[in-house]
Each structure stands twice: as C-alpha cells, then as structure tokens.
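Here is the structure we will look at.
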Amino acid sequence: MMNLVRSELLKIRTTSTWWLLAIGAFVATAIAFAFNAWITHVSLTGDPADLGISPEEAAAQADVAGQAANLYTSGQFFGLLLVMLIGILMVTNEFFHQTATTTFLSTPRRTSVIASKLIAASLMGFVFWLVTTVIALAAGVIFMSVNDFGTQLGEWEVHRALLLNLLAYAIWTILGVGLGTLITNQLGAVITASVVYLVGTQVVGLLFLLLSNLLDSEAILEWQVVWPAIASTVMISGIDSPMLPPWWTGALVLVAYAIVSGLAGILITRRRDIS
C-alpha cells in the first residue's frame, strides 16, 4: 500500500498542476487574509453606530478569539476547492493520459488503487493546509499583536478552528477522488466541481433563505448545512447563530460525505470496464 501511495504522490509531483494549484492557494490565502484582517479590525474597534449594526450584534462580532480563529483560517473557502481539484486530478489523469489500463493491470486489486489515491490525496490536503495555515498564522500573529488584540493562540476556540480546518482539507480531497471516479472526463469533472462549489453554494443559500421567508421560519436555514461547502463553513467557524446549527453538525455532515464518497469511488471503479 505504501508503494502505491508513493507512486500516486510521484504522479502528482511530476506534473505542473500541483504548482499551479499551490500558487492559487497562496493567492487565495493572501486575499482572504487581507479581507478578514479588515473585518477583524472593524469588528473589534468600530463604533456599532458607524457600522450600522445593533450593540448586540457588535458584541457578538467583538469575540476576539472568534475573530482570531477566522483570521488564522483565512483562505479555506478557495483552498478547499483547490484540494478537491487535486483529488479529481489524481483519478482523471489516469484516463486523460491513458494510463488507467497500465495502472490497473500492474495492480489488479482496484480497491487498493483507489485507497492509495484517497490516502495520497489526503496527504496532499495536509500539505496545503499546513502551508496556508503557517502563512495565515504568521501574518495573523503580527496583525493581532500590532493592534493590541492579543494573539489568542492559547484559546480553545482557535485550536478547534485550526484542527477542524485540517479535517475539512482532508475530507475535500476525498470528495475530489470520489467525484473523479464518477466523472472520468477531466475537463468535465473540473468544471462541474468548480461550478457546483462556487455557484451551487450561493444558490443553495439563496433557496433556503427564500424558503425560510416563505414559511416564516428561521429554523429552515439550519438545513442548509446539508450542502458540503456550507457544512465546512459551519464546522470551522463555530459561530453560535440561530440561523446555523452547531459546529459539530457540519463536521458530521462532512464525515458522512467523505465515507459515502470514498465507498462510492471504490465500488464504481471495481465495476467499471477499463480497457
């Protein structure tokens, strides 16, 4: 199994794709950090009247540990999309470069091949999480210290956000592998994943908002957590809001998606006619 994992890592390292995705992750982290730093500064120093919000909302936003956690996980929204694409490419590259037949002939046990791809993808997700987190932490500590907010690195809320962010990166690479086994056409899989992730998330949020207004019930909004991207946000942010379920609900939803995706990838590959 370890030889298979090393082989999968070698396949992704010998292409320029992962460099492009790594650059994309860095740019996304930098832009998200700048935006989150501005939000943090306004939330912790601004006058509620100037912000156009109530004192209660201002108090909620003034949660220093929560703002620090958000700052230290900057870039996770687009980062998760990028690691999902890595998972997709680990599967679709086999069909795009016509190496699938060779791969499955050299390793007849297809379950082992997909399992190695899942492990390798998760390792790549860990690397992306580690690099982006180190960048966000370094910049965040400087920002928080300069503004006399305190680093908040000793707070459990911050630790939980970082660990759950790691879990999200691992799960989204698994989802990518599952999607890649379902849609073997590389361009089709990448476009589908990107559109569903970026556009679908906004559409789902809007639909649940309209449904909530139609039925005059805020409880409806909690069900939007069934969408993976929203589940990630809920899990990592840990925001206590009447419109969102507890953070652990998002974690359970993502774990369920990972299990289903991994099993589906194995079953589909075992039954597929590859020639």
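The values are calculated or read from the model by the stated rules, or taken from the named source; none is laboratory data. All of these numbers come straight from a predicted model, not from anything done at the bench. All Cβ positions, glycine included, derive from the backbone under ideal geometry; neighbour counts span all protein chains shown. In case anyone asks, the SASA skips ligands and DNA or RNA and just uses the protein heavy atoms, side chains included. Shrake-Rupley method; radii C 1.70, N 1.55, O 1.52, S 1.80 Å.
The condition of being at pLDDT below 80 and within 21 Å of residue 201 (Cβ to Cβ) holds for only one of 242, 228, that being 242.
Just to be sure, is residue 212 of a type in the set (Ser, Thr, Tyr) and modelled with pLDDT of 85 or more?
Working: of a type in the set (Ser, Thr, Tyr): yes; modelled with pLDDT of 85 or more: no.
In short, no.
A residue that is among the small types (Gly, Ala, Ser), farther than 30 Å from residue 9 by Cβ and surrounded by 19 or more Cβ atoms within 10 Å (Cβ to Cβ) can be found somewhere in the range 222-237. If you go through the range 122-151 and keep only what is crowded, with 21+ Cβ neighbours inside 10 Å and farther than 17 Å from residue 85 by Cα, you end up with 133, 136, 140, 144. Residues that are polar (S, T, N, Q) and in a helix (DSSP H, G or I) were ranked within the range 33-86; the one that is modelled with the highest pLDDT is 36.
The set of residues in the range 152-175 being open to solvent by less than 60 Å² (accessible area, probe 1.4 Å) and under 23 Å from residue 44 (Cα atoms) consists of 152, 157, 158, 160, 161, 162.
Which of the residues that make up the range 193-214 are over 25 Å from residue 126 (Cβ atoms), of a type in the set (Val, Ile, Thr) and open to solvent by less than 60 Å² (accessible area, probe 1.4 Å)?
First, pick out the residues of the range 193-214 that are over 25 Å from residue 126 (Cβ atoms): 195, 199-200, 202-214.
The next check asks that each one be of a type in the set (Val, Ile, Thr); those that pass are 195, 199, 203-204.
Across the range 193-214, the qualifying residue is only 204.
If you check residue 200 against the conditions, is it small (Gly, Ala, Ser) and modelled with pLDDT under 85? Explain how you work it out, then say what you get.
Numbers: small (Gly, Ala, Ser): yes; modelled with pLDDT under 85: yes.
In short, yes.
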